[in-house]
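Data first, discussion second: the structure below is written as C-alpha cells.
The values are calculated or read from the model by the stated rules, or taken from the named source; none is laboratory data. Just so it is clear, the structure is predicted and the values come from calculations on it, not from any experiment. Please note: Cβ atoms are built from the backbone with ideal geometry, for glycine as well, and neighbour counts cover all protein chains shown. Only protein heavy atoms, including side chains, enter the accessible area calculation; ligands, DNA and RNA are left aside. Shrake-Rupley method; radii C 1.70, N 1.55, O 1.52, S 1.80 Å.
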Amino acid sequence: MSMDEFLTGVFRRLEPEDFRVLTAVELGMVSHAYTPIEDVVKYSSLPREEVLYRVKRLNGFRLIRGIVSPFEGYVLNYYGYDFLALNALVKAGKLEALGKSVGIGKEADVFEGLTSTGEKVIVKFHRVGRVSFRQTRRVRRYIADRRHISWLYQSRKAAEKEFEALEILNRVNAKAPKPLAQNRHVVVMGFFSGVELVNVKSVDEPLPLFRDIVDEVKQVYFEAGLIHGDLSEYNIIIKEDGDFMLIDWPQFIRRSDPESEHYLKRDLEKVTGFFNKRFNLKLNTDRVLNYVLGSADGF
Ligand SMILES: Nc1ncnc2c1ncn2[C@@H]1O[C@H](COP(=O)(O)OP(=O)(O)O)[C@@H](O)[C@H]1O
Ligand SMILES: [Mg+2]
C-alpha cells in the first residue's frame, strides 16, 4: 500500500470522536512532552472508556504514540498532525480529496489534491525537524526534551511563512503558485503543470529562458521585496510552452534584510551555474547580479 493510499484510507475511517482525541492530544502538547491521559479525557470531553478505546485505535493507525511510564501519555505522530490539518481544510471547504504523491523531500511531502469544484491543487505538508527513529528513542528517554514540540512548531511556522510569501507574490502577479489555504503545517496552492528545470534536458533557446527567469527574480526583488533563498533547478517548474513558475518559498528573505544581497547572489549563482553547465553558456554571475540590482542594463 502506498503512502497516499494509506493516508486516504485511514482518513476515511476516522470518526468525529477520533478527531476530538487527536485535538486533545495536540492541545496538551503545548505544555507537555507527552499529553497525560487525564488531560486527553479532560480536553476531549469524552468518557474515559471512550478515550481509552480511541487512543488504542489511533495508536494502531500510527497517528499517535504513547508512553506508559512514568505516566500514561500520548503525542501526535506526523500522520496525526496531517489528519488534523486535512480535516480542518476539508471542513473549511478548501479541499475535497488527496491525490497521488508528487514529491517526498527532506522537509516536505507534496501531494496532488482536488477541491470541491474539481480544481487540481497542490497539498504541501511541511516536515521540519522530522525525527529519525533513533532520535525518537532519545526523546522517550528524556521526557522533558522539547524537541518533539519543536517539529510541530517549526513545521507550522514553515507553512505560515510559505503561505505569506505566496500571498505577497500573488499581489504583484509574480510567477509563483496561487495561495489557496493554510492550516497548521499544510499549504494548499495552485497546481502548475510542468517539469522541474533539472529534468529539462534540452530547450530550443536556453538564453531567452534564462533571461526570463532572471527578470522574474528581479521583479520579485523590487516589486515583492523578496528573495527566494533556495532557488535552484529543482525549484523552477517549466511548462512546454516555456512559461515557468518559481516554487518552494518557506525560506524567503526580505529585501530589507541586511544579508539580502548575499542570498540574492547565492540564488543567482545556482541558476547561472546550472544554465552554464547544462546548456553550455558562459554567463557571469556578478554581471547577472549587477543587472538584477539595477546597476547594469544587461549582462
Ligand atoms: N504548485 C506546484 N505545482 C506543481 N508541482 C508542484 C508545485 N509545488 C510543488 N510541486 C512539486 O513538488 C515538488 C516538491 O515541492 P517543493 O515545494 O519544492 O518542496 P520540497 O523541495 O521542500 O520537497 C516539486 O519539485 C514539484 O515537482
Ligand atoms: Mg523544492
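Could you look through the stretch 16-41, keep only residues that are of a type in the set (Gly, Ala, Ser) and assigned to a helix (DSSP H, G or I), and pick out the one that is farthest from Pro70 (Cα to Cα)?
Step one: filter the stretch 16-41 for residues of a type in the set (Gly, Ala, Ser), giving 24, 28, 31, 33.
Imposing the further condition that a residue be assigned to a helix (DSSP H, G or I) reduces the set to 24, 28.
Values: Ala24: 20, Gly28: 17 Å.
Going through the qualifying residues, I end up with Ala24.
Pairs only if they're at least six apart or on different chains, beta carbon under 9 angstrom, first in the stretch 42-62 and in a loop (DSSP other than H, G, I, E, B), second among the acidic types (Asp, Glu); list them, first residue then second.
Final answer for the pair search is Leu46/Glu17; Phe61/Asp18.
With (1) within 29 Å of Phe163 (Cα to Cα); (2) in a helix (DSSP H, G or I); (3) open to solvent by 80 Å² or more (accessible area, probe 1.4 Å) as the list, and Ser256 as the residue in question, which single condition is left unmet?
Just one mismatch for Ser256, condition (2).
What strands (runs of 3 or more DSSP E) lie completely within the stretch 154-250 and have 3 or more residues being touching a strand residue (DSSP E or B) at 6+ places or on another chain (Cβ under 6 Å) and open to solvent by 20 Å² or more (accessible area, probe 1.4 Å)?
Those strands (runs of 3 or more DSSP E) do not exist here; none qualify.
Residues checked against (1) acidic (Asp, Glu); (2) out of contact with any helix residue (DSSP H, G or I) (no Cβ under 8 Å at 6 or more places or on another chain); (3) farther than 25 Å from Arg127 by Cα:
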{"residue": "Thr8", "(1), (2), (3)": "no, yes, no"}
{"residue": "Ala24", "(1), (2), (3)": "no, no, no"}
{"residue": "Val68", "(1), (2), (3)": "no, yes, yes"}
{"residue": "Leu76", "(1), (2), (3)": "no, no, no"}
{"residue": "Leu84", "(1), (2), (3)": "no, no, no"}
{"residue": "Ala92", "(1), (2), (3)": "no, yes, no"}
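Could you tell me whether Gly93 is open to solvent by less than 50 Å² (accessible area, probe 1.4 Å) and within 19 Å of the chain's Cα centre (by Cα)?
Judged against the criteria, Gly93 is not a match.
Of the conditions (1) within 16 Å of ligand 1 (Cβ to nearest atom); (2) within 20 Å of Ser295 (Cα to Cα); (3) of a type in the set (Gly, Ala, Ser), Ser232 fails just one. Which one is it?
For Ser232, the failing item is (2).
Quick check on my filter: what residues within the stretch 96-120 are modelled with pLDDT of 90 or more, surrounded by fewer than 17 Cβ atoms within 10 Å (Cβ to Cβ) and either at positive phi or within 12 Å of ligand 2 (Cβ to nearest atom) (or both)?
Val102, Gly118 - these are the residues of the stretch 96-120 that are modelled with pLDDT of 90 or more, surrounded by fewer than 17 Cβ atoms within 10 Å (Cβ to Cβ) and either at positive phi or within 12 Å of ligand 2 (Cβ to nearest atom) (or both).
Tell me whether the stretch 77-84 contains one or more residues that are at pLDDT 95 or above and open to solvent by 80 Å² or more (accessible area, probe 1.4 Å).
Within the stretch 77-84, not a single residue is at pLDDT 95 or above and open to solvent by 80 Å² or more (accessible area, probe 1.4 Å).
Checking the structure you have, find out if any residue of the stretch 273-291 is under 11 Å from Gly229 (Cα atoms), charged (D, E, K, R) and open to solvent by 90 Å² or more (accessible area, probe 1.4 Å). Break it down stepwise before answering.
Filtering the stretch 273-291 for residues under 11 Å from Gly229 (Cα atoms) gives none.
Scanning the stretch 273-291 turns up no residue that is under 11 Å from Gly229 (Cα atoms), charged (D, E, K, R) and open to solvent by 90 Å² or more (accessible area, probe 1.4 Å).
Name the residue, out of Arg127, Arg147, that is touching a helix residue (DSSP H, G or I) at 6+ places or on another chain (Cβ under 7 Å), modelled with pLDDT of 85 or more and of a type in the set (Lys, Arg).
Numbers: Arg147 fails: modelled with pLDDT of 85 or more.
Checking each option against the conditions leaves just Arg127.
Do we have any residue at all in the stretch 40-49 that's at positive phi and in the same structural domain as His126 (by TED's automatic domain parsing)?
Yes, that holds for at least one residue.
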